[in-house]
Amino acid sequence: MKAVIRLIATVHGFAALLFGFAALALIVIATHVGFTAAAAGLDRAAAQGIIEAVGLLAAAVVALQIAQTILEEEVIRDSHISAPTRVRRFLSRFLVVLIIALALEGLAAFKAIHEDVTQLAYASALLVAVGVLLASWGLFIRFNRYAEELEPEAMAAAKREDRKLK
């Protein structure tokens, strides 16, 4: 059984490495898109290109955040995410970056409406989904706080693990 657990940790490590490489590729692409847009002149098309570059950078941050979370939770800590504190932290780290990325995508979609009004429904749905996701995340955190109060030793254990990572 220990061999299976080590294999799973290795696979998690490899997946985190792939997320890291994807993030680096997105950063390079975003840099190229941003500089190309800015070099073309400071007009509406350049603004759209820079907004696209910001969206790519947000996706890169999401990929890096996922890589870091996988490494910390599955490889370094070797935890199997059972305590409410770990679950809340894991999801919170991921969701905060995801919400920002989706909000930026929604804003970029609203910018594209100037060219194609049929995209209004897509942009509106995306921003409504961001709001619903944000509200759901808030409820999740609120409900998890109650669970943490029932298990204060789990919170103390999670804080001790955090000190080990620093």
Answer yes or no: is there a residue in region 44-54 that is closer than 21 Å to residue 95 by Cα and either polar (S, T, N, Q) or open to solvent by less than 50 Å² (accessible area, probe 1.4 Å) (or both). yes
Could you grab the pairs with beta carbons closer than 7 Å, sequence gap of 6+ or different chains, first residue in region 61-72 and farther than 19 Å from residue 9 by Cβ, second one among the charged types (D, E, K, R) and assigned to a helix (DSSP H, G or I)? 65/93
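Of the residues that make up region 109-120, is at least one closer than 21 Å to residue 53 by Cβ, at pLDDT 85 or above and in a helix (DSSP H, G or I)?
We begin by selecting, within region 109-120, every residue closer than 21 Å to residue 53 by Cβ; these are 109-116, 119.
The next check asks that each one be at pLDDT 85 or above; those that pass are none.
Among the residues of region 109-120, not one is closer than 21 Å to residue 53 by Cβ, at pLDDT 85 or above and in a helix (DSSP H, G or I), which makes the answer no.
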Test residue 102 against the criterion of being at pLDDT below 85, closer than 27 Å to residue 37 by Cβ, of a type in the set (A, V, I, L, M) and open to solvent by 40 Å² or more (accessible area, probe 1.4 Å), and give yes or no. yes
Test result for residue 73, among the acidic types (Asp, Glu), at pLDDT below 80 and open to solvent by less than 60 Å² (accessible area, probe 1.4 Å): yes
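Does residue 69 qualify as being out of contact with any Leu (no Cβ under 7 Å at 6 or more places or on another chain), of a type in the set (S, T, N, Q) and farther than 26 Å from residue 138 by Cβ? Spell out how you get there, then give the answer.
Working: out of contact with any Leu (no Cβ under 7 Å at 6 or more places or on another chain): yes; of a type in the set (S, T, N, Q): yes; farther than 26 Å from residue 138 by Cβ: no.
It is false that residue 69 is out of contact with any Leu (no Cβ under 7 Å at 6 or more places or on another chain), of a type in the set (S, T, N, Q) and farther than 26 Å from residue 138 by Cβ.
In the set 28, 61, which member is closer than 27 Å to residue 106 by Cβ and modelled with pLDDT under 90?
On the way: 28 fails: modelled with pLDDT under 90.
Going through 28, 61 in turn, just one is closer than 27 Å to residue 106 by Cβ and modelled with pLDDT under 90: 61.
Kindly indicate whether any position in region 12-19 is buried (at least 18 other Cβ atoms within 10 Å of the Cβ), over 17 Å from the mean Cα position of the chain (by Cα) and not charged (D, E, K, R). It would help to see each step written out before you state the result.
At the first step, the residues of region 12-19 found to be buried (at least 18 other Cβ atoms within 10 Å of the Cβ) are 16, 19.
Still in the running and over 17 Å from the mean Cα position of the chain (by Cα): none.
No, that holds for no residue.
If we scan region 26-44, do we find a residue that is touching a Gly at 6+ places or on another chain (Cβ under 9 Å), touching a residue at least 40 places away in the same chain (Cβ under 8 Å) and more than 30 Å from residue 145 (Cβ to Cβ)? Break it down into steps so the answer makes sense when it comes.
As a first pass, look at region 26-44 and keep what is touching a Gly at 6+ places or on another chain (Cβ under 9 Å): 30, 33-34, 36-38, 40.
Retained after the next criterion (residues that are touching a residue at least 40 places away in the same chain (Cβ under 8 Å)): none.
Checking region 26-44: not a single residue is touching a Gly at 6+ places or on another chain (Cβ under 9 Å), touching a residue at least 40 places away in the same chain (Cβ under 8 Å) and more than 30 Å from residue 145 (Cβ to Cβ).
The values are calculated or read from the model by the stated rules, or taken from the named source; none is laboratory data. Predicted, not measured: the structure shown is a model, and the values here were computed from it. Glycine also receives a Cβ, built like all others from the backbone with ideal geometry; neighbour counts cover every protein chain displayed. The area values use the complete protein model at the heavy-atom level, side chains included, leaving out ligands, DNA and RNA. Shrake-Rupley method; radii C 1.70, N 1.55, O 1.52, S 1.80 Å.
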